Amino acid sequence: MSLRYEKGLSELAEDVWAYLQPDGGWGWSNAGLVGADDRSLLVDTLFDLRLTGEMLEAMRMATPAAARIDTVVNTHANGDHCYGNALVSDAVIVSSARCAEEMGALPPQAMASMLRRAPALGPAGAFLARIFAPFSFEDVPLTLPSATFEGRLELQVGERAVTLLEVGPAHTSGDVVAFLPAEGIVFTGDILFHGAHPIVWAGPISNWIEACQRVLALEPSLLVPGHGPLATPSALQDLMGYFELLSREARTRFDAGMTPLDTARDIDLGPYAGWGEAERVVANVHALYRDFGDDGPHDALTLVADMASLADGVS
């Protein structure tokens, strides 16, 4: 098994693969394949049809199991983990019930429309156009899950067990992780961003910390994060430390009457200062302010505008 962070497939155990997309930033998500004999389970698709097609071809070249993908698991509703579903629509596509509901709220067509309107959205639009420039949403149909669950679902891929655990709301409303107990491998979805700041779309952050604890309780040996290189469980410990620091520091500044943007600019992130996508700190501060009872605007457009402002300051 190679822990090198390179684009493409990395075999983690016999017929268990991670598909990695450096640099792991906005939209550059990871996926996975779990095979047995002549069938397989795919964990997540990618942000558009071109990228998903390239991944599926690489998988077919690597293992005969990829010729028959019976099951697809969407770990959550963000498009970089599900917009490629159309290319595997013959499979049973599984997600949590809340994930399936959320997927309809921002279909690929809405992303395409938003990017067409980006020039009229000022700095926020310029930020969106920049981070999503490598991807194409114009030709992507919305392909929703065909089966949903709540809480826990046990699956089999041949003789191999795969356990799906709903751990959201955290990053999104319906986050799911996929655990291979015999191999000690967890596909975390975006419960883990490795080497980059996470982003809290749903929260609360206390739920995300609990989700990390639930994954650690599985005693895994290897994690496939939603973004970034392969990780050991210590990465989840680091993430919990990040959230705990941010929660303490944001509370002090909230009590002092500072805005989320000023708070994000003011906090000393200490050991987490070198993580990528630092503009996401302000989105996470917004999530904490909501938890603290703030009734100011915390909608998606406000978050993107504040991230754009912070990105201008840190780039």
Please list the non-local residues whose amide H lies under 5 Å from the amide H of SER96, H modeled 1.01 Å from N, same-chain partners needing a gap of 5 or more. PHE149
Along each principal axis, Cα extent of the range 124-277, largest first, Å: 56, 41, 27
Relative contact order for the range 213-315: what is it in percent, counting Cα pairs under 8 Å that are at least 6 residues apart? 22 percent
Quick check for me: using +1 on Lys/Arg Cβ and -1 on Asp/Glu Cβ, what's the dipole size of the chain about its Cα centre, in debye to the nearest 20? 340 debye
Given a cut-off of under 8 Å on Cα pairs at least six residues apart, what relative contact order in percent is computed for the chain? 15 percent
Based only on Cα atoms, what Rg/Rh ratio does the range 187-315 have, Rh being taken as Kirkwood's radius? 0.96
Helix 205-217: angle to the longest alpha-carbon principal axis of the chain, degrees 0 to 90, nearest 10? 30 degrees
Under Karplus coefficients 6.51, -1.76 and 1.60, residue-wise ³J(HN,Hα) of the range 170-177 in Hz, glycine/proline x: 8, 4, 10, 6, x, 4, 10, 10
With only alpha-carbon atoms counted, please give the Rg and Dmax of the range 253-315, in Å. 11.2, 31
Karplus-derived 3J(HN,Hα) from phi for the range 157-163 (6.51 cos²θ - 1.76 cosθ + 1.60, θ = phi - 60°), whole Hz, x at Gly and Pro, runs 10, x, 8, 8, 8, 10, 9
Could you give the angle, 0 to 90 degrees to the nearest 10, between helix 49-62's Cα long axis and the longest principal axis of the Cα atoms of the chain? 40 degrees
Below 11 angstrom from the Cβ of HIS81, what's the summed charge of the other residues (Lys, Arg +1; Asp, Glu -1)? -4
Helix 280-291 sits off the longest principal axis of the Cα atoms of the chain, rounded to the nearest 10 on a 0 to 90 degree scale, by 80 degrees
If you wrap the chain's Cα atoms in a convex hull and average its projection over all directions, what's the area in nm²? 14.7 nm²
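Bear in mind that the values in this text are calculations on the coordinates, not laboratory data. Every value quoted in this text rests on a predicted model; they were computed, and no experiment measured them. Neighbour counts are summed over all protein chains in view; Cβ atoms, including those assigned to glycine, are modelled from backbone coordinates with ideal geometry.
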